[in-house]
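Nothing in this text is a laboratory measurement; each read-out follows from the coordinates by a stated rule. Not measured: the values here are computed from a predicted model. No Cβ is skipped: glycine too gets one built from the backbone with ideal geometry, and neighbour counts run over all protein chains shown.
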Amino acid sequence: MTVNKELIEKIRRKIVSEKGDLINRIYYEEGAGLLIEVSRGNLREIAYYVHEILDTYLRTVAGVDERPIKGVFSAYYVFGLDGYGLNIIVVTHMPPEDPKLPSITDIVPSADWYELEMYDLLGIRFSNRKLYRFVLPEDWPEGVYPLRKDTPYNIRPKPVKSQKQVLSGPRIPVGPYHPALHEPEYFELYVEGERVVDVEYNGFHVHRGIEKLGESRFTYQQVPFLAERICGICGFVHSVCYTQAVESAAKIEVPERALFIRSILLEVERLHSHLLWIGVACHLLGYDAGFMHAWRIREKTMILAELLTGSRKTYGINLVGGVKKDINNDKINATMKTIEWVENEFKKLVEVITSIPQIVKRAKGTGILPRSDARKLSVVGPVARASGLKRDVRKDYPYAAYKYVSFKVPVYSEGDNLARLLVRVDEVFESINIIRQLLDQLPQGPIMSEEIEIPENAIGVSSVEAPRGEDIHFVITGKDNKLYRWRVRAPTYQNIPALKVMLKDAPLADAPLTIASIDPCFSCTDRIQVVDLSTGKRRTISFKELQRYNICPRCGL
Amino acid sequence: MNKMKPLKLLDIARKTGVVTIRYPDKPPLITSEFRGRIVIDASKCIGCGACVNICPSNALTIKETYDKRIINYFIGRCIYCGSCADVCPVKAITITKDFELATENIKDLNNKVVHYKVVCCRCGSERHAPENMIKFVIRRVPVAETYAHMATNCKKRKFVEGMLHGRGMLYVEAK
């Protein structure tokens, strides 16, 4: 990250002059950002100041059990200063015997999930808000907090009886682990007739404890392979994000050629992800011919990824300090040929898709997310750009080789499903453009840095623009060649709360497309429960039934 | 005219033709760079365990017994990253293009390389390292030939005896 030193000093002085009496300590750390240490009592005021007056958005929150090193629990609130490429990190410590914080959800609505997650995994309590079981399963015992350092990573506590009330009578459990579909997530839509009035989300069925694994069992150079398995579509994004975070914490100089190769692969990944999404969107709207042709084009990008890395997905070539596999001239030529073919074919396909009145009519004006809500909920990626927020990590926080290329950030102001579709269509062409520029300028040199030394207790924050939005990793380095804390925040985490706004007062038939329009990282909303408010009846609609509604959850296959 | 635009897809489809490859009958679509399972050449392997150290998913494990050192490659855990092939000092590991590895018998997924340890040339009973490893050491450091076949304890004993015979420094016990 290259941030202007004078600018940091200016912002630092501004904060000190306006809120200096509330701050314990303020300092700049390269690789992380401007850190502001505040006491618990002043957290709300500083959060309000940073979020509203400085006009930032909440990027991630990391709760850390720092008892072994500092004797306290800590919470790191990472705010992003749009357009300056600077993170403002508000740090607050809690004594170990009373880990409690004031809630900031009324000031920063997007902090909601982070607070619930900290409550579940670290046992930090929040005042002035409702706390409930969120990430952990219902039969997990009270008082066992997985992310605390004294909890071993392989702990298997005895399940306790679930507190949740279950109706009597015979039950047939179908889902959330649905046999036919991909990933378990669960939405409850409250409807009045055909109109959606409220949405409840019940997720984290596939919480795999990857952060804990990365902190306890894996070494620095093994975590990239684990990070790659966080997501099946944008795996390389996570591995790059992790390696960048460690590199910025340890101030490792990465060779330029490695940065270029990373950028090229990130764009190849974006190509295939957007083509996948456009295909699925067509399928959802009942246009299966478009789905098949989008995937026909996508297949070429998958083969290209395999040629460049050795694997269609989970490329496995990224390490802290560089990459493992080089690109030679033959591969450059093959890549140029493929992206030219993709560009021509996709141009033809887009012309057809956007000319079909049924598709345009169903996407236009549905699932609207106004700009003000988008800002308040800190949404990211194509969802933010379709709502008029020009937010792109590649421009705002330049990483890898993006500073060497010029590209446009497509922004639409409508905020509807069509806008989100068009943002992705435009981005496909931009990606092709970026890959061309990168291949032209590919510098010579090594692909792995020689010296890799990682100090203890260094903080690193890094973000990568995934196809779905901004992915951000927060690391604290530790001893024994292992991480102390690794916080992963995937883009869907920020975007799901926005669905509440999008779905409200919309017809039920538009719900699947709207849910899919944020390109949720779970490949499928496996089932939707419909509660009819006028009769109070609750029934769960199965996959087949949904198809009868002429809608089907995003599954693609 | 605009209403006819969606029909353009027919033209695209006609020009493209059939793209599906009848895979099990026809060869799979893999490129020259594809990484499948690994094969360890037992005659080259020296049993150093570098691959075991680097393996991110613990697909490669090492087991030490009195007279054997066994390196086990369990395909079920392998993520095909190829890190082991990169670190192997004698290039005993090759990455193949095999990926159709489904089996009914889990034993098929275990590939073992068994190294028998050499008997010490001095005491004739203790075993310390595989033959290939000793050869590798001697090739790298020719002077090691004089002691490479000796077990660790024998080496220590020889060193102490050498001291006693005045070859080297005298060891005086601190009071």
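Straight-line reach from B:K5: taking Cα to Cα under 26 Å and skipping same-chain neighbours fewer than 8 places apart, the lysines in range are A:K300, A:K347, A:K348, A:K361, A:K364, B:K15.
The orientation-averaged projected area of the convex hull spanned by the Cα atoms of the stretch A:316-367 comes to 6.9 nm². Over the stretch B:32-166, the hull volume per residue, using the convex hull of the C-alpha atoms, is 119 Å³.
Taking every alpha-carbon pair in the stretch A:210-494 and binning the separations at 5 Å intervals from zero gives 1, 6, 12, 16, 17, 17, 13, 9, 5, 2, 1, 0, 0 percent. Along its three principal directions, the equivalent ellipsoid of the stretch A:5-127 from the Cα gyration tensor extends over semi-axes of 23, 16, 13 Å, largest first. Judged by the ratio a/c of the largest to the smallest principal axis of the C-alpha gyration tensor, the stretch B:1-51 counts as prolate, that ratio being 1.5 or greater while a/b is larger than b/c. For the stretch A:460-493, backbone nitrogen atoms closer than 16 Å to the point 7 Å from A:E29 Cα along Cα-to-C-beta are found at A:460-463, A:473-479, A:483-488. Along its first, second and third principal axes, ordered by size, chain A spans 66, 59, 46 Å in Cα coordinates. Can you flag which of A:K212/A:K376; A:K325/B:K44; A:K10/A:K149; A:K100/A:K390; A:K19/A:K482 are past 28 Å Cα-Cα? In this structure, A:K212/A:K376; A:K10/A:K149; A:K100/A:K390; A:K19/A:K482 exceed 28 Å between Cα atoms. Take every Cα pair under 8 Å whose residues are at least 6 apart in sequence, average their separation, divide by the length of chain A, and the relative contact order is 18 percent.
Working from label points 7 Å from Cα in the Cα-to-Cβ sense, the B:F74 to B:R127 distance is 2.4 nm.
What the Kirkwood sum gives for the stretch A:396-466 is a hydrodynamic radius of 15.6 Å, with every pair of different alpha carbons counted. Can you pull out the chymotrypsin sites (Phe, Trp or Tyr not before Pro) in the stretch B:75-175 that DSSP calls coil and that have at most 16 other Cβ atoms within 10 Å? Of the chymotrypsin sites (Phe, Trp or Tyr not before Pro), the ones in loops of the stretch B:75-175 whose Cβ has at most 16 other Cβ atoms within 10 Å are B:F99, B:Y147, B:Y171. Pairwise Cα distances in the stretch A:13-81 exceed 16 Å for 51 percent of all pairs.
Looking at the stretch A:68-164, the chymotrypsin sites (Phe, Trp or Tyr not before Pro) that sit in a DSSP loop and have at most 10 other Cβ atoms within 10 Å of their own Cβ are A:Y132. Taking the C-alpha atoms only, the angle from helix B:131-140 to the longest principal axis of chain B is near 80 degrees. Over the protein assembly as shown, DSSP H runs of length four or greater, each weighted -39,500 (n - 2.57), average out per residue to a 222 nm ellipticity of -10500 deg cm²/dmol.
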